[in-house]
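Asker: Can you keep this structure in mind? I'll have questions shortly.
The values are calculated or read from the model by the stated rules, or taken from the named source; none is laboratory data. Bear in mind that the values here come from a model prediction, so they are computed numbers and not experimental data. For neighbour counting, all protein chains shown are included, and Cβ atoms are generated from backbone atoms with ideal geometry for every residue, glycine included.
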Amino acid sequence: MGLTGSMDDESERPNAGDDLRRNVKAYIRKAHPPPAEILELNFVYEALAHPRRRYLCYSLLSSSRWTLTELATKLVAWERDIPEEDVAEFNRDEMYVSLHHAHVPKLVDLDIVEYDTGGEEVIIASTNAPQVLAALQGAGASIDVLQETHARSNYKQE
């Protein structure tokens with residue numbers, strides 16, 4: 001076959017266009033999380049897969065602004081089933097590190113929270129937060145009711 005009739009020509013290869021479209025879609029999803037209007041379930045599941053990230057999201061249901069220290073204190077109290085005022089500084093600091101290095105960056109990457117590392121570290125709801133929080137509220141009533149109740153309670157400062 002000549003150059004125009006060669007099977008090496010992309011346009012004549014079966015499914016060549018489908019492969020290209022799949023690759024473009026995969027690249028877009030990897031480069032940017034899906035927009036809020038078309039938030040996919042896999043995206044929501046990835047955000048909420050870990051109980052600590054769910055707790056952070058539940059906390060956003062009661063207030064959109066938290067310091068990381070407040071969240072670390074609340075989370076230790078919930079995990080250990082103790083009052084917030086009984087949380088040891090060591091345990092709070094350990095949780096702070098976990099949140100700062102693992103869970104908050106994951107939620108930031110997914111555009112669910114914004115995190116200000118200057119001055120008072122504050123977590124606020126971001127672009128994809130409403131959809132993730134809506135999914136969490138729908139599922140929470142049956143699977144995480146105790147976690148949700150604790151996370152949405154008022155933070156008690158010492």
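Asker: Which pairs turn up if I take residues in the stretch 59-79 that are closer than 15 Å to residue 103 by Cα and look for partners that are among the polar types (S, T, N, Q) and surrounded by fewer than 21 Cβ atoms within 10 Å (Cβ to Cβ) with beta carbon separation below 6 Å, at least 6 apart in sequence or on another chain?
Answerer: 76/91
Asker: Quick check on residue 22: is it at pLDDT 90 or above, over 18 Å from residue 115 (Cα atoms), assigned to a helix (DSSP H, G or I) and among the basic types (Lys, Arg)? Before you say what the answer is, go through the steps one by one.
Answerer: Working: at pLDDT 90 or above: no; over 18 Å from residue 115 (Cα atoms): yes; assigned to a helix (DSSP H, G or I): yes; among the basic types (Lys, Arg): yes.
So residue 22 fails the test.
Asker: I would also like to ask the following. Does the stretch 117-146 hold any residues that are at pLDDT below 70 and not small (Gly, Ala, Ser), and which are they? I'd like the intermediate steps shown before the answer.
Answerer: To start, the set of residues in the stretch 117-146 that are at pLDDT below 70 comprises 119, 139-146.
If the condition is that a residue be at pLDDT below 70 and not small (Gly, Ala, Ser), then 143, 144, 145, 146 are the ones that fit.
Asker: Sticking with this one: Under 16 Å from residue 116 (Cα atoms), surrounded by 13 or more Cβ atoms within 10 Å (Cβ to Cβ) and touching a strand residue (DSSP E or B) at 6+ places or on another chain (Cβ under 7 Å): is that true of residue 68 in this structure? Reasoning before the result, please.
Answerer: Details: under 16 Å from residue 116 (Cα atoms): yes; surrounded by 13 or more Cβ atoms within 10 Å (Cβ to Cβ): yes; touching a strand residue (DSSP E or B) at 6+ places or on another chain (Cβ under 7 Å): yes.
It is true that residue 68 is under 16 Å from residue 116 (Cα atoms), surrounded by 13 or more Cβ atoms within 10 Å (Cβ to Cβ) and touching a strand residue (DSSP E or B) at 6+ places or on another chain (Cβ under 7 Å).
Asker: Go through (1) modelled with pLDDT of 80 or more; (2) hydroxyl-bearing (Ser, Thr, Tyr); (3) part of a helix (DSSP H, G or I) and name the single condition residue 27 misses.
Answerer: Residue 27 satisfies every listed condition except (1).
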